[in-house]
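Heads up: the structure comes next, in structure tokens.
The values are calculated or read from the model by the stated rules, or taken from the named source; none is laboratory data. These numbers were taken from a predicted model, which means no experiment stands behind them. Keep in mind that these areas ignore ligands, DNA and RNA; they rest on the heavy atoms of the full protein, side chains included. Shrake-Rupley method; radii C 1.70, N 1.55, O 1.52, S 1.80 Å.
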Amino acid sequence: MKNKMKRILALIVCISFILTFLPINSVSFAKPRYDVWKDKIKVYDADKKIKRAEAEYEGYKYIATFDKDTNEIKLKVKPIATKKFDKSLDSSSLNEERNFSVKVEYFDGENLKAKLIDEKTKEEYNIGDSDTVSAQFVIALPIAVGLIEALISALLAIGEAIVIVGITYIAASRILEKIKNSSYDYYMAIIRNNNVYIGPAIDYETAYNRVSLFEGDVFCRTESKAKTLALNVAYSKRGTIIGPERHKDYANYYPHYHVKDAYGYKLASHIFFPY
């Protein structure tokens, strides 16, 4: 009987220990809400290429960085004060600095879905719109998951970035000059909220297939490149080109061409270029 009571007490101590260091926000089924954490978050430029967001909460400092050239996101979580733990429990991991790579799978300006990848153990943890928080997550990461979501969302939002199927796109207005002076002629593109976003550079064949096979939009470095691409696709379809068009109602809707096939059907893909 005494042994059974000891086991029950030990279990209660373990549960209490976990709950002590797990903020309520960590177990939340709601979508990430930046406004809950905004007073704790500071965002600034660490240098010309790195955007940085920081916050302190419950004895930990959270540091998220966004590389504006590579779109790479990193997260560092480190204790800012040594805490006293029950000696019978292994608490060494709670006093160690943790470093994560962040793989964003989806971000539309509000909703986030991502994975944290522990750079030491290579373990992965879902954040964002995950429906559940596993026991492994709770024990391994007794940190404010909601705050992490807010940090990452803040960095992406300020950088005017969205992520669709793991591909990061930046608002065209932010990188237009860089595109004009680039050695690459073609880029993946996408339209969201009446804005044009530019993704990774692609070769001519990929750009051609995106338009011809209705796979998506393309942003070209020059109007000449855009028109040539449109003409080549139109030729293959025995059709014509439309444009250049520009919808004046949308300030960030860049000039573009469309292709019309032999049956008069207007292909959905836009072939954008700078104005």
Summarise the accessible area of region 201-268 (1.4 Å probe, protein heavy atoms) by the percent that is carbon and sulfur.
48 percent
Can you work out the accessible area per residue across region 171-272, with the rest of the protein chains kept in place, probe 1.4 Å, in square angstrom?
54 Å²
Could you sort out which of K68/K180; K61/K103; K74/K225; K103/K180; K42/K76; K227/K260 sit more than 24 Å apart by Cα distance in this structure?
K74/K225; K103/K180
Probe 1.4 Å, all chains present, heavy atoms only: R246 accessible area in Å², nearest 10, is 110 Å²
Largest-first ordering by accessible area, 1.4 Å probe, given options I242, I158:
I158, I242
